[in-house]
Amino acid sequence: MNEEKYYEFVDLYKNPDHKGKLKDFDFKAEEYSSSCGDVFTVYLKMENGKVKDATFEGNGCIISTVSISKTCGDIVGKTPEEIKKMSLGEIKKIVGVDEISLSRIKCATIGLDTIKEALRNDLSK
């Protein structure tokens, strides 16, 4: 990772986008990584079958925090079907890295995993 990308990550870790609880949300889920202690709650608001807003609360390492922050921004405007198809490859593109070490894959994907879990927890039913 180059120095510029490193400082971008540090800034986003300290001041993540999309952090906070939505007052009005349709989907919610919490995920915990027992391997490193990261814990996040995701809130999703839907409109016309697409994500209108996505936010999160919680704490984690720099990789998980940057990943969930960027992923919350990326999924706005997407349908649940599009999100359910997302994988580690998309996370790498969203975060802007070519490689993620095996020991950090869970860190990179905990945000997406939490979002997918939230989509299974429709609170309007």
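Bear in mind these aren't lab numbers, they're just calculated from the coordinates by the rules spelled out. Computed from a prediction, not measured in an experiment: that's the story for all the values here. Virtual Cβ from ideal backbone geometry, glycine too; neighbours counted across all protein chains shown.
One line per residue, one yes/no per condition, for (1) hydroxyl-bearing (Ser, Thr, Tyr); (2) surrounded by fewer than 18 Cβ atoms within 10 Å (Cβ to Cβ); (3) in contact with a Phe, Trp or Tyr (Cβ under 8 Å, 6 or more places away or on another chain):
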position: Tyr43; (1), (2), (3): yes, no, yes
position: Asn48; (1), (2), (3): no, yes, no
position: Val76; (1), (2), (3): no, yes, no
position: Glu81; (1), (2), (3): no, yes, no
position: Ser87; (1), (2), (3): yes, yes, no
position: Gly96; (1), (2), (3): no, yes, no
position: Ile115; (1), (2), (3): no, no, no
position: Arg120; (1), (2), (3): no, yes, no
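Here are Ser67, Ser87: which of them is of a type in the set (Ser, Thr, Tyr) and within 20 Å of Tyr6 (Cβ to Cβ)? Can you show your working first?
Working: Ser87 fails: within 20 Å of Tyr6 (Cβ to Cβ).
Unique residue meeting the criteria: Ser67.
Being more than 12 Å from the chain's Cα centre (by Cα) and within 18 Å of Glu117 (Cβ to Cβ) narrows it down to one of Lys5, Lys84, Lys14, so name that one.
Values: Lys5 fails: within 18 Å of Glu117 (Cβ to Cβ); Lys14 fails: within 18 Å of Glu117 (Cβ to Cβ).
After applying the criteria, what remains is Lys84.
Quick one: Lys52 ticks every box in (1) surrounded by fewer than 13 Cβ atoms within 10 Å (Cβ to Cβ); (2) touching a Lys or Arg at 6+ places or on another chain (Cβ under 8 Å); (3) not hydrophobic (A, V, I, L, M, F, W, C) bar one, so which box is it?
Among (1) surrounded by fewer than 13 Cβ atoms within 10 Å (Cβ to Cβ); (2) touching a Lys or Arg at 6+ places or on another chain (Cβ under 8 Å); (3) not hydrophobic (A, V, I, L, M, F, W, C), the lone unmet condition for Lys52 is (1).
Sort out for me the helices (runs of 4 or more DSSP H) sitting completely within segment 50-111 that have 2 or more residues that are farther than 16 Å from Asp17 by Cα. Let's see the steps before the verdict.
Details: elements: 62-75, 80-84, 88-95.
Fully inside segment 50-111 and qualifying: 80-84, 88-95.
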